1. Hey, what angle do you get for helix 275-290 against the long axis of the chain, alpha-carbon based, 0 to 90 degrees rounded to 10?
2. Just to confirm the number: angle between the C-alpha axis of helix 29-47 and the first principal axis of the chain, 0 to 90 degrees, nearest 10?
3. Order of 54-61, 260-267, 196-203, 100-107 by packing, highest average Cβ count within 10 Å first?
4. Could you put 43, 113, 129 in order, starting from the residue whose Cβ has the fewest other Cβ atoms within 10 Å?
5. Quick check: from the Cα gyration tensor, does the chain come out rounded (a/c under 1.5), prolate or oblate?
6. Taking the Cβ-Cβ separation of residue 134 and residue 11 as r and a Förster radius of 41 Å, what is the calculated FRET efficiency to the nearest 0.05?
7. Mind checking which of 71, 171, 226 has the largest fluctuation in a GNM of the chain, springs on alpha carbons under 10 Å?
8. Quick check: the angle from helix 6-17's long axis to the longest principal axis of the chain, C-alpha only, nearest 10 degrees?
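Only the coordinates and a few stated rules stand behind these numbers; no lab work does. A quick note: this is a predicted structure, and the numbers were derived from the prediction, not measured. Note: ideal-geometry Cβ built from the backbone for every residue, glycine included; neighbour counts use all protein chains shown.
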């Protein structure tokens, strides 16, 4: 079973509630969206959020500096889990042909290109990597080229990847300010802080500080994103697995039923919720009723 889309979640919820959007008030599109996203927020929290990977160009708005401070570019980060320091060495420059898709071709020059290499050059979005090599003349990249031209592209092999140790910012400042710790060619420790801002565009952007402040490195991350609502047109698929997407439909239906005089349907609907979601909701309800915050 695939992950249900917004429209499939809505249809299943309406079926279980035996509701009709044209006759059962207050089921306007806005009301249904609120019910679905309330349920989605519960399921997403129970699931713990999905871990995402972001390459350095996606995660950060600036490159490595001798100071050891770079600014964040992602505004949807809830928690950064891992930070890696990656050095790179350009493999070679290859004359290629792009056609505004993820397919790149050449005159049999891709013999040394392998999956995972970074791709850069005219018309190639930042952070693009090789995802498949069909032959020495054709390969696939992760982000579609923005034009159909014949650029010279650089294929970069990633080497020397190492996870940085996370420390408090004060400890990192201590290392920066004290001499005698030796000289290192690679970054060793880092601190991630949410940057202070007074502008809307800067809200929830993180800053990475690392020591020692050496250049020539990239900093890909793995992170848990913030909750993002879904809708019928833009973001149509929840960031959960297939079973959890079905739970969203059931919880949505359970919210609808009392509003249209069908509260008696709720027990049978909730009986079909997956065991993990049901157990967590039961613990939360017990904590709410008893005032026991430890639950």
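1. 70
2. Computed tilt is about 60 degrees.
3. For the peptides 54-61, 260-267, 196-203, 100-107, the packing ranking is 54-61, 100-107, 260-267, 196-203.
4. Details: 43 26, 113 21, 129 16.
Least to most surrounded, the residues fall as 129, 113, 43.
5. Values: a/c = 2.87, a/b = 1.55, b/c = 1.85.
Oblate is the answer for the chain, as a/c is 1.5 or above yet b/c matches or exceeds a/b.
6. Values: r = 39 Å, r/R0 = 0.95.
Using R0 = 41 Å, I get an efficiency of 0.55.
7. Result for the chain, Cα springs under 10 Å: 171 fluctuates most.
8. Value to nearest ten degrees: 20.
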